[in-house]
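All of the numbers you see were taken from the coordinates with simple rules; none came from a lab. Please read these numbers as outputs of a predicted model, since none were measured by experiment. Here Cβ is always computed from backbone atoms with ideal geometry, including for glycine, and neighbour counts include all displayed protein chains.
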Amino acid sequence: MILRRATFTSVASLACAALVLSPATPATASTSADRIKVGDVQKAMEDLVKTGHVVGAIGAVYVDGKRVGKGSAGSRLLNGKGGVIPSTARYRIGSQTKTMTATAVLQLVKDGKLSLDDKLSEVLPEVAEKDLVERADEITVRNLIQLTSGIPDYIGPDTSDPTRNYRPTDLLAASRKNSRQVEVGTFNYSNTNYILLGMIIEKLAGRSLAAELKRRLFAPLGMRDTYLPTKATEGIKGPHGHGYAPDESGMMRDVDQLNVTAMLGAGGVVSTAHDVSAFQRAFRRGKLLPASLTKVITDPPPGQSAPPGGGPCAGNPEFAAGGGGSAPGFTAATLTSSDGRLQFAVSLTLAMDDAERGTTPTRITNALKSLFCPAK
C-alpha cells in the first residue's frame with residue numbers, strides 16, 4: 001500500500017512530495033452560480049475513462065454549495081462489470097484526509113489545549129520513552145503539520161498485511177526502522193507525521209480520531225456520508241467503484257479492501273463528492289479556523305516555494321493549488337476556487353501500476369479544462 005498526496009497546481013501535474021495543502025492564490029473575481037459556465041460533467045467523466053486503464057470515474061461541480069453538474073462513467077468492476085457507479089457514491093479520498101486531521105489539531109490549538117510550539121515528547125511522552133520517534137524532544141506540533149519533522153515514513157513490508165488491525169504504535173515502530181533522510185525543519189513527505197497528529201487528537205479529546213473528526217467536522221458541516229473506517233477489513237459502505245493494481249505476476253487484482261488501519265489520519269477517510277466539497281468550501285472560506293491558523297496549513301513551510309495557483313484558462317475561476325490523494329487502485333481530487341465558492345470533486349478507480357497512476361492528475365487537469373475553458 002502506497003499512500004500519496006497528489007498536488008494539483010491549477011493545470012500542472014502530480015507532485016507526490018507536496019505540501020499538505022498548497023496555498024491559494026488571491027481571488028481576482030467573485031465566483032457566482034449565474035456567471036460561471038460549466039461544461040458537460042458527464043462527458044468529462046466519459047473522456048476520463050477513455051484515457052485508458054480507468055475503470056470508473058465519478059465527478060460533480062458545486063457552486064456556493066449547489067450542485068450544477070454531475071457525471072458517472074465506466075463501471076463499478078473491471079471489464080465493464082457491476083453496473084455504473086452512482087455519482088453520489090462514497091470513495092476513498094486518500095491524503096485529502098490530512099487537511100481534515102490538521103484542521104482538527106488546529107482547532108485544539110484555537111481552544112487553548114495545544115500549542116504549535118509544543119514538543120512531541122511533551123504532548124506524547126510515550127513515543128520518546130519507548131524510542132518510537134527519534135529526536136521527539138526537538139519536533140514540534142507545527143513540524144508535524146507542515147511535514148518538516150524529518151520522521152521517516154512507515155509504508156513498507158511491516159505495514160502491508162491486509163487483514164491485521166494496526167495500532168498507531170505499530171506504524172511508529174515500522175517508521176523507526178527506517179533511517180532519517182532530512183533534519184528537523186526540512187520538508188520531507190511522510191505519512192507518519194499524521195499518524196502522530198491523530199494520536200495527539202485522541203489523547204487531548206479523550207475519544208477516537210474517527211469520533212472526533214465526526215464531532216468537529218463531519219456532523220457540523222452536514223457530511224452525512226463521510227466517515228473514518230476503523231477496522232482492517234472494513235470496506236466502503238454502499239455501491240462504489242473498485243480499483244485494481246498488479247500483483248507480483250502482473251495480473252490486476254481487486255484492491256478495494258485497503259487496510260484503513262495503516263492509513264488513519266494520514267489518508268483513511270471515505271467521503272463523497274458532495275461532502276468533500278462541503279469541507280473544502282468551509283475550509284477555504286474561513287469557517288473552520290481563524291486565518292492565522294489556516295495559514296499553518298496553506299502557507300509553504302520553510303525551504304518550500306509555493307506552487308502557483310490559477311485558472312485553467314483566462315477569464316475563468318482561479319483554483320487553489322492542492323487537493324488530491326492517491327493509492328493503488330484510485331486517485332481522488334477536490335479542486336476548489338481560491339474564494340472557496342466553486343468545487344470540482346472527482347474520483348477515479350484505476351487498473352494501473354504506480355508509474356501510470358502518476359499520470360492521473362494530468363488527466364484530471366484536462367477534465368478541468370473541458371469544464372471551464374470555452375471551446376475555441
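See the values below:
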{"quantity": "Orientation-averaged projected area, Cα convex hull of the chain (nm²)", "calculated": "17.1"}
{"quantity": "Three semi-axes of the equivalent ellipsoid, segment 220-376, Cα gyration tensor, whole Å, largest first", "calculated": "28, 21, 16"}
{"quantity": "Translational D in µm²/s for segment 191-294 (Stokes-Einstein at 37 °C, 0.692 mPa s, Kirkwood Rh from C-alpha pairs)", "calculated": "213"}
{"quantity": "Pair Lys203, Asp137: separation of 7 Å Cα→Cβ label points (nm)", "calculated": "1.6"}
{"quantity": "Where a label projected 7 Å from the Cα of Thr186 along Cα→Cβ would reach, residues of segment 132-155 with amide N under 16 Å", "calculated": "135, 139, 147-153"}
{"quantity": "Sequence ranges 245-256, 188-199, ranked by mean other-Cβ count within 10 angstrom, highest first", "calculated": "188-199, 245-256"}
{"quantity": "Linear extension gain, Glu126 paired with Ala355, 0.36 nm per residue minus alpha-carbon span", "calculated": "78.6 nm"}
{"quantity": "Asp158 versus Ser179: modelled label distance in nm, points set 7 Å from Cα along the beta carbon direction", "calculated": "1.6"}
{"quantity": "Loop-resident sites, segment 141-214, for trypsin sites (Lys or Arg not before Pro), counting at most 11 other Cβ within 10 Å (DSSP)", "calculated": "Lys177"}
{"quantity": "Estimated FRET transfer efficiency when R0 is 35 angstrom, pair Leu116-Thr233 (beta carbons, to 0.05)", "calculated": "0.45"}
{"quantity": "Principal axis dimensions, largest first and in whole angstrom, of segment 53-126 by Cα", "calculated": "53, 34, 16"}
{"quantity": "For segment 91-108, 3J(HN,Hα) per residue [Karplus equation, 6.51 cos²θ - 1.76 cosθ + 1.60, θ = phi - 60°, Hz, x = Gly/Pro]", "calculated": "7, 6, 9, x, 6, 4, 4, 4, 5, 5, 4, 4, 4, 4, 4, 5, 5, 5"}
{"quantity": "Folded to 0 to 90 degrees: helix 192-205 orientation relative to the chain principal axis, Cα", "calculated": "70"}
{"quantity": "Protection-proxy order for peptides 49-61, 264-276, each taking the mean of Cβ atoms within 10 Å per residue, highest first", "calculated": "264-276, 49-61"}
{"quantity": "Inter-site label distance for Asp254 and Val68 at 7 Å from Cα along Cβ, in nm", "calculated": "3.8"}
{"quantity": "Average silhouette area of segment 94-191, convex hull of alpha-carbon atoms, in square nanometres", "calculated": "6.5"}
{"quantity": "Normalised contact order of the chain, rounded percent, pairs of Cα under 8 Å and 6 or more residues apart", "calculated": "31"}
{"quantity": "Over 18 Å [Cα-Cα, segment 156-226], rounded percent", "calculated": "54"}
{"quantity": "Neighbour-count ranking [beta-carbon atoms within 10 angstrom, fewest first] of Lys66, Lys98, Lys110", "calculated": "Lys66, Lys110, Lys98"}
{"quantity": "Least to most buried among Glu183, Glu212, Glu318 (fewest other Cβ within 10 Å first)", "calculated": "Glu183, Glu318, Glu212"}
{"quantity": "Least to most buried among Ile93, Ile236, Ile151, Ile145 (fewest other Cβ within 10 Å first)", "calculated": "Ile236, Ile145, Ile93, Ile151"}
{"quantity": "Efficiency of FRET from Cβ geometry, Asp247 and Val84, R₀ 35 Å, rounded to 0.05", "calculated": "0.85"}
